[in-house]
Amino acid sequence: MISRSSGEATPAQPSGRWIVGVDIGGTNIVVGVIPLDGGTPASLATLPTEAVRGSEFVIQRVASMVEHAIAETLDGQGGTRADIAGVGIGSPGPINREKGTVINTPNLGWKNLPLRDLVSHAVHLPATLDNDANCATYGEWWLGAGRGVDYLVGITLGTGIGGGIVLNGEIVHGASDAAGEVGHMTIEFTGRKCKCGNYGCLEAYCSGPNIAARAREGLEAGYESILTQLVDGHLERITAATVYEAAVLEDRYANEVMAETAKILGAGVANVINVLNPQAIVIAGGVTRAGEHLFGPLRSEVRRRSFRSAYDACKILPAALPETAGMIGAAAVFKKIAFGAV
């Protein structure tokens, strides 16, 4: 499961003081260098993914960011390249962990991409690959809001919607590495078309781009809102962040969009609680910047739709590592595989 650029076997006793974590998202790439004990990152950088420029460009960008992060770490902390144990990569999926391939990711346009080995060869370090939402959940379990929780579910709200499940310190991958894809549960069977090809997915309503799309549709239908002024009449410039901004300014229409988003997301979270009965659900991603405009009605909807005993046993929490959970979790996945424990 760990690829080495030279093709040689992974050493039985891996060494190193640092692990590079890579979180590849539909919008941004986050790269950091994490000490083995999980302390403060020695280096941290974010750049746009620019997936429209193709997978080769993205891999070159990742490799460049990894090399820069390593150089910055060794310059600041001392040591040699031998102190870098390897690279943990998180990517939207579904993926095949054993082969290190991204099977299909609609938000990046990749199919059957051998991402792990391409990055490993580019930076001449062993690498691991896992789903980005699994990594974000694992990061929150290791160092964030899920510390000390035995049964944790993570939901990431961004360009898409992903999910991860951690049970007793282990990521639940399922029979084919597809467990936790909560963004593609069907909320409305005749609903909006999702990039995955299905209709009515949670992601088709509550991802950042789809919150913005729903807001634009209402404005085009005649609703009045300060959203129009915030983008100088260019409705195509509306993002989920614009909707949050208008909601904070007490715009009635923006608050209606956020309330509807919370209700739809609440139905999805309630499904997760009723099926899995976790101790905590950690919600991460840009959408959570809406704060109580999202979490207040979300918790009310979840309470209404969940079994009472399951709801009472579960905390619904915002992420403690909103920008870095995926990167930290990717490093933790590498540590788990290479060293046997996190």
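Run the numbers for residue 313 and residue 292: contour at 0.36 nm per residue of separation, minus the present Cα-Cα distance, in nm.
Between residue 313 and residue 292, full extension yields an extra 5.5 nm.
Can you compute the label reach from residue 80? Point 7 Å from Cα along the Cβ direction, backbone N cut-off under 20 Å, restricted to region 110-139.
123-126
Sticking to Cα atoms, compute the Rg of region 21-120 to one decimal and its Dmax as the biggest Cα-Cα distance, whole number, in Å.
13.8, 41
At 7 Å along the Cα-to-beta-carbon direction for both residue 223 and residue 111, put a label point, then send me their distance in nm to one decimal.
That separation, rounded to one decimal, is 3.5 nm.
What is the percent of Cα-Cα separations in region 146-318 that go past 29 Å?
Numbers: 3030 of 14878 pairs.
Result: 20 percent of Cα pairs exceed 29 Å.
How much length is gained if the chain between residue 320 and residue 40 is pulled fully straight, taking 0.36 nm per residue apart and subtracting their Cα-Cα distance, in nm to one decimal?
Working: separation 280, 0.36 × 280 = 100.80 nm, distance 1.40 nm.
The residue 320-residue 40 span can extend by a further 99.4 nm.
Can you bin every Cα-Cα distance in region 292-342 into 10 Å intervals starting at zero and give me the percent of pairs per bin, rounded to whole numbers?
Taking every Cα pair in region 292-342, the percentages come to 21, 29, 26, 22, 2.
Ratio of Rg to Rh for the chain, alpha carbon only, Kirkwood?
Numbers: Rg = 20.1 Å, Rh = 20.4 Å.
When Rh is taken as the Kirkwood radius, the ratio is 0.98.
Pick out the long, greasy-scoring helices in the chain: whole DSSP H runs spanning 27 Å or more along their own axis by Cα, mean Kyte-Doolittle at least -0.5. List each step's numbers first, then the result.
Numbers: long enough: 55-77 (32 Å, 0.18); 252-276 (35 Å, 0.62).
What comes out of the filter, once short or polar helices are dropped, is 55-77, 252-276.
Pairs to check: 193/263; 99/193; 193/315; 195/315. Give those whose C-alpha atoms are more than 21 Å from each other in this structure. Don't skip to the end; give the middle numbers.
On the way: 193/263 19 Å; 99/193 30 Å; 193/315 31 Å; 195/315 30 Å.
Listed pairs above 21 Å: 99/193; 193/315; 195/315.
So between residue 339 and residue 250, what do we pick up on full extension, going 0.36 nm a residue minus the alpha carbon distance? Show your work: numbers first, answer last.
Numbers: separation 89, 0.36 × 89 = 32.04 nm, distance 5.06 nm.
Stretched fully, the residue 339-residue 250 segment lengthens by 27.0 nm.
Which of 328, 226, 165 moves the most in a Gaussian network model of the chain with Cα springs under 10 Å?
Judging by the Gaussian network model, the answer is 226.
Could you check the spin-label model distance between residue 239 and residue 186? Points 7 Å from the Cα along Cα→Cβ, value in nm.
3.3 nm
With a cut-off of at most 12 other beta carbons within 10 Å, and DSSP calling the residue loop, which GluC sites (Glu not before Pro) in region 58-151 qualify? Please list them.
Qualifying residues, ordered by number: 98.
Given the -39500 (n - 2.57) contribution per DSSP H run of 4+ residues, what per-residue ellipticity at 222 nm results for the chain, rounded to the nearest 500 deg cm²/dmol?
Numbers: 11 runs with 133 residues, N = 342.
The per-residue figure over the chain is -12000 deg cm²/dmol.
Need the list of aspartates and glutamates near residue 335 for cross-linking: C-alpha distance under 12 angstrom, and skip anything on the same chain fewer than eight residues off.
Straight-distance partners of residue 335: 37.
Can you tell me the FRET efficiency between residue 198 and residue 303 if r is taken as the Cβ-Cβ distance and R0 is 30 Å, rounded to the nearest 0.05?
Working: r = 28 Å, r/R0 = 0.93.
For residue 198 and residue 303, the calculated efficiency is 0.60.
Each reported figure results from applying straightforward, stated rules to the coordinates on display, with no laboratory input. Computed from a predicted model, the values in this text were never measured in an experiment. Cβ atoms come from the backbone with ideal geometry, glycine included; neighbour counts cover every protein chain shown.
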